[in-house]
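A.B. asks: Attaching a single structure in structure tokens format; questions to follow.
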Amino acid sequence: MLTIKDLVYSVSELKDDGTEKRKEIIRGVDFTFVQGKFYAVTGPNGSGKTTLSKLIMGIYKPDSGRIVFDGQELTGLSISERARLGIAFSFQHPARFKGMSFRSLLGIAAGTDDEKVLHRILLRVGLCSFDFLDKEVGSKLSGGEIKKVELATTIARNPRLAIFDEPDTGIDLWTIGPMVELLQKEQHENGTTTIVISHNEKFLRAADEVILLKNGKVAHVGSFDNTLPMLKDIDLCSWGEHCLEETDARCYR
């Protein structure tokens, strides 16, 4: 389905003396994502999780290595070309578009303004009110609403590969469970290969495989249960951002 081969990505940093040096963020990652599986990518802050997802989508360009999707080389393709092949990306902090209605945005994503089609997409993400289509995708939407807008536009064309970067960011804890269920349903009903970047236990438990990144490399791949002992240096919390004390028994610290 998707094969990453010896992928390397680095950025420029200024040293104390004012000269530049290269810092490797992704260091020779090799991995194959199987069609129709649910993957959770986790790891310490700065381990390269989001960078890896943006390399797959084409937002960043690798220094070296290959990305192959169903036998087709992606490495030199643009974001738009990858999207046309069936790859979708959901940002950690969704964009807000002042003056644009959700109807217009969803219509662009779905490739149609057919209200029946748009309504079915609304129902898939748990937005039952048809009036929601005419809301402006601006600052007045709540965190949960804007996340549902982002999810709706991501699944609108039934992508073959869907990437979700920290989908629980900025939403209340009651929304996380239904969001996990939605992504699992999309995976099972549409055969969507799903990659979720997250520290949240609910997403990690839902995954067929958990991929642990450390220092820009794949350190471990396995189920949640056999990966859990290796997560002791990661702030993994069953209540996402809502666990307020490090000694809280709900959290793995």
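A.B. asks: What does DSSP give for the stretch 2-252 in terms of the percent of beta bridges that are antiparallel, rounded to the nearest 5?
C.D. replies: Close to 60 percent.
A.B. asks: To the nearest 0.05, what FRET efficiency results for Gln92 and His119 with a Förster distance of 45 Å applied to their C-beta separation?
C.D. replies: With a Förster radius of 45 Å, E is 0.95.
A.B. asks: What is the angle, in °, between the Cα long axis of helix 115-124 and the longest principal axis of the Cα atoms in the chain? Nearest 10 is fine, range 0 to 90.
C.D. replies: Roughly 50 degrees, rounded to the nearest 10.
A.B. asks: To the nearest 0.05, what FRET efficiency results for Ser80 and Ile108 with a Förster distance of 22 Å applied to their C-beta separation?
C.D. replies: According to the calculation, E is roughly 0.95.
A.B. asks: What span do the alpha-carbon atoms of the stretch 1-158 cover on each of the three principal axes, reported in whole Å from largest to smallest?
C.D. replies: 55, 41, 26
A.B. asks: Compute the relative contact order of the chain as a whole-number percentage, counting only Cα pairs closer than 8 Å that sit 6 or more residues apart in sequence.
C.D. replies: About 24 percent, as a whole number.
A.B. asks: Mean separation of Cα pairs under 8 Å and 6+ residues apart, divided by the residue count of the stretch 1-137: what relative contact order is that in percent?
C.D. replies: 21
A.B. asks: A further question follows. When the chain is treated as a GNM, springs tying every alpha-carbon pair under 10 Å, which of Gly144, Gly99, Gly65 comes out with the largest mean-square fluctuation?
C.D. replies: Its mean-square fluctuation being the largest, the pick is Gly99.
A.B. asks: If you don't mind, another one. What full-extension length gain, to one decimal in nm, is calculated for Glu24 and Asp131 as 0.36 nm per residue of separation minus the Cα-Cα distance?
C.D. replies: Extra length available between Glu24 and Asp131 comes to 33.8 nm.
A.B. asks: Which order results if His199, His220, His188 are arranged by neighbouring Cβ count within 10 Å, fewest first?
C.D. replies: His188, His220, His199
A.B. asks: Over the stretch 21-88, what is the relative contact order in percent, taking alpha-carbon pairs closer than 8 angstrom and at least six residues apart?
C.D. replies: 23
A.B. asks: Summing Lys, Arg as +1 and Asp, Glu as -1, what charge do residues with Cβ under 14 Å from the Cβ of Ser223 carry, Ser223 excluded?
C.D. replies: That sum, taken over residues with Cβ under 14 Å, equals -2.
A.B. asks: On full extension of the chain, what length is gained from His188 through Thr32, given 0.36 nm per residue of separation minus the C-alpha to C-alpha distance?
C.D. replies: 54.2 nm
A.B. asks: So what are the ³J(HN,Hα) numbers for the stretch 180-185, from phi and the Karplus equation (6.51, -1.76, 1.60; θ = phi - 60°), rounded to whole Hz, Gly and Pro as x?
C.D. replies: Rounded to whole hertz, the list is 4, 4, 4, 5, 5, 5.
A.B. asks: Pairing the Cα long axis of helix 143-155 with the longest principal axis of the chain, what angle in degrees results, from 0 to 90 and rounded to the nearest 10?
C.D. replies: 90
A.B. asks: Okay, moving on. In deg cm²/dmol, rounded to 500, what helix-only [θ] at 222 nm does the chain give when every DSSP H run of at least 4 residues adds -39500 (n - 2.57) and the total is split over its residues?
C.D. replies: -8500 deg cm²/dmol
A.B. asks: Suppose each label sits 7 Å from its Cα in the direction of the beta carbon; what would the Thr169-Asn215 distance come out to in nanometres?
C.D. replies: Result for the modelled spin labels: 2.6 nm.
A.B. asks: Could you check the spin-label model distance between Asn45 and Met1? Points 7 Å from the Cα along Cα→Cβ, value in nm.
C.D. replies: Simple spin-label model gives 3.1 nm for this pair.
A.B. asks: Using Cα positions and a limit of under 25 Å, work out the lysines in reach of Lys23, with same-chain residues fewer than 8 apart set aside.
C.D. replies: Cα-Cα hits under 25 Å: Lys5, Lys15, Lys49, Lys54, Lys61, Lys214, Lys217.
Bear in mind these aren't lab numbers, they're just calculated from the coordinates by the rules spelled out. Values in this document were obtained by computation on a predicted structure and should not be read as measured data. We place every Cβ from the backbone using ideal geometry, glycine too, and count neighbours over all the protein chains shown.
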